1. Taking only the alpha carbons of the chain, what extent do you get along each of the three principal axes, in Å, biggest first?
2. Could you work out how far apart the two model spin labels at residue 106 and residue 14 are, taking each label as a point 7 Å from the Cα in the direction of the beta carbon, and quote it in nm?
3. So for the pair residue 36, residue 76, with labels modelled 7 Å out along Cα→Cβ, what separation do we get in nm?
4. Explain nothing, just the number: relative contact order of the chain, from Cα pairs under 8 Å at least 6 residues apart, as a whole percent.
5. Once Rh is set to the Kirkwood radius over Cα pairs, what Stokes-Einstein translational diffusion coefficient, in µm²/s, holds for region 51-110 at a temperature of 20 °C and a viscosity of 1.002 mPa s?
């Protein structure tokens with residue numbers, strides 16, 4: 001129904017990917033609001049896997065893209081703040097939902113629910 005954003009972290013043939021469930025937008029808010037007009041607050045623009053891909057304009061055309069040198073890039077912020085990372089129960093699944101595989105920034109209001 002919706003696209004999802006997964007970062008593959010291992011070579012082909014080895015399991016190792018991360019589903020990106022939400023993000024805190026720092027730029028491009030007007031574009032995100034245009035793509036997600038039903039979002040009432042900035043926190044609602046990309047606080048779920050489908051919402052995130054819609055807000056960011058992510059489609060399957062980016063499948064296999066290099067996240068260091070393509071249209072979609074992941075970069076370290078210039079002034080990286082100290083953060084506390086929490087492990088929480090996984091969302092939307094029943095099998096192995098208690099495995100410690102969901103990581104969030106403590107207190108961040110943009111985390112998906």
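1. Here the Cα extents, ordered largest to smallest, are 37, 36, 31 Å.
2. Simple spin-label model gives 3.1 nm for this pair.
3. Distance between the two pseudo-spin positions: 2.8 nm.
4. With pairs under 8 Å counted, the relative contact order is 23 percent.
5. The diffusion coefficient I find is 147 µm²/s.
Quick note: the coordinates plus some simple rules give every number you see, no bench work behind them. Since the structure is predicted, the reported quantities are computational estimates derived from the model, not experimental observations. Positions of Cβ are backbone-derived with ideal geometry, glycine not excepted, and every protein chain shown enters the neighbour counts.
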